[in-house]
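First comes the structure, then the notes that go with it.
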Amino acid sequence: MALTPPERVWWKRLGRQERLWLGVSLVFIVALFSTMPLWHLLARQNTPHLAYRVSPERFSQLTNDFIARYQVGEEAGIPIVRPPEGDVYLLAMQFQWMPILELTKGKTYRLHVSSVDVNHGFSLQPVNMNFQIVPGYDYVLILTPSEAGEYTIVCNEYCGLAHHQMTGKILVKE
C-alpha cells in the first residue's frame with residue numbers, strides 16, 4: 001500500500017477573500033511602517049542624550065573626584081553628594097550605583113552615567129526613564145527635576161548573581 005502525495009495547489013490563483021486579506025494586510029503594514037519615523041520626529045518620545053567614548057578607569061577617576069568635591073554624607077557605605085547645577089556623575093558597577101545624588105528641584109544637571117565592568121540598565125523610577133549603560137561610554141542625560149522626592153535607580157539589565165540588589169537613589173530637595 002503506497003501513500004499518494006497530496007495535490008499541490010501552490011500554482012493556483014488566490015481566491016477573492018485571500019486577495020482581500022493580503023491587500024488589507026499590505027495597507028496596514030505600509031501605514032504602520034510610515035508612522036514610525038513620524039512618531040520618532042513629531043511625538044518627542046526620545047530623551048535627549050549624548051554619548052562619548054571614555055575608558056572605565058577615566059570615568060571612575062572622574063566620579064571619585066566628583067565625590068571628593070561634593071560629598072555631604074554617607075548611607076550604608078555609599079557617599080551622598082550635593083552638587084551645584086551642572087555636571088554630575090553616576091557610576092554603575094556590579095552590584096551598586098555610586099554615589100547617591102542629592103539634587104535641587106528646578107535646576108538643570110548634566111548626568112554623566114557609565115559602567116566600569118559589564119552592561120547595566122539605568123531605570124529611574126517612578127519616572128520610568130530607561131537607558132542601556134555600556135562600559136567605555138559616557139552617557140550624558142539632561143535632567144531637570146520638577147518634583148521633590150526620592151527616586152530609585154534600578155538596574156534593568158541582568159548583570160550577575162546579585163543583580164536584583166542593584167539599586168541606587170536620587171534625592172530631589174526643594
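The values are calculated or read from the model by the stated rules, or taken from the named source; none is laboratory data. Note that this is a predicted model, so its numbers are computed, not measured. Neighbour counts are summed over all protein chains in view; Cβ atoms, including those assigned to glycine, are modelled from backbone coordinates with ideal geometry. Note: areas computed on protein heavy atoms with side chains; ligands, DNA, RNA excluded. Shrake-Rupley method; radii C 1.70, N 1.55, O 1.52, S 1.80 Å.
A few notes on this one:
- Tyr70 vs. criteria free of Cβ contacts under 8 Å to residues at least 40 places away in the same chain, open to solvent by less than 10 Å² (accessible area, probe 1.4 Å) and farther than 26 Å from His163 by Cα: no
- Some residue of the range 42-49 being part of a strand (DSSP E or B), of a type outside the set (Phe, Trp, Tyr) and either out of contact with any strand residue (DSSP E or B) (no Cβ under 8 Å at 6 or more places or on another chain) or modelled with pLDDT under 95 (or both): yes
- A residue that is farther than 30 Å from Ile142 by Cα, without any contact (Cβ under 8 Å) to a residue 24 or more places away in the chain, out of contact with any Gly (no Cβ under 8 Å at 6 or more places or on another chain) and surrounded by 10 or more Cβ atoms within 10 Å (Cβ to Cβ) can be found somewhere in the range 3-17.
- Residue selected from the range 89-121 under the condition farther than 20 Å from Gly160 by Cα and touching a residue at least 40 places away in the same chain (Cβ under 8 Å), by the criterion most open to solvent (accessible area, probe 1.4 Å): Lys105
- Any hit, the range 58-74, residues being closer than 16 Å to Leu141 by Cα, among the polar types (S, T, N, Q) and part of a loop (DSSP other than H, G, I, E, B): no
- Meets criteria (of a type outside the set (Asp, Glu), in contact with a strand residue (DSSP E or B) (Cβ under 8 Å, 6 or more places away or on another chain) and closer than 20 Å to Glu174 by Cα) for Gly136: no
- The range 79-88: number of residues that are at negative phi, open to solvent by 10 Å² or more (accessible area, probe 1.4 Å), free of Cβ contacts under 8 Å to residues at least 40 places away in the same chain and part of a strand (DSSP E or B): 2
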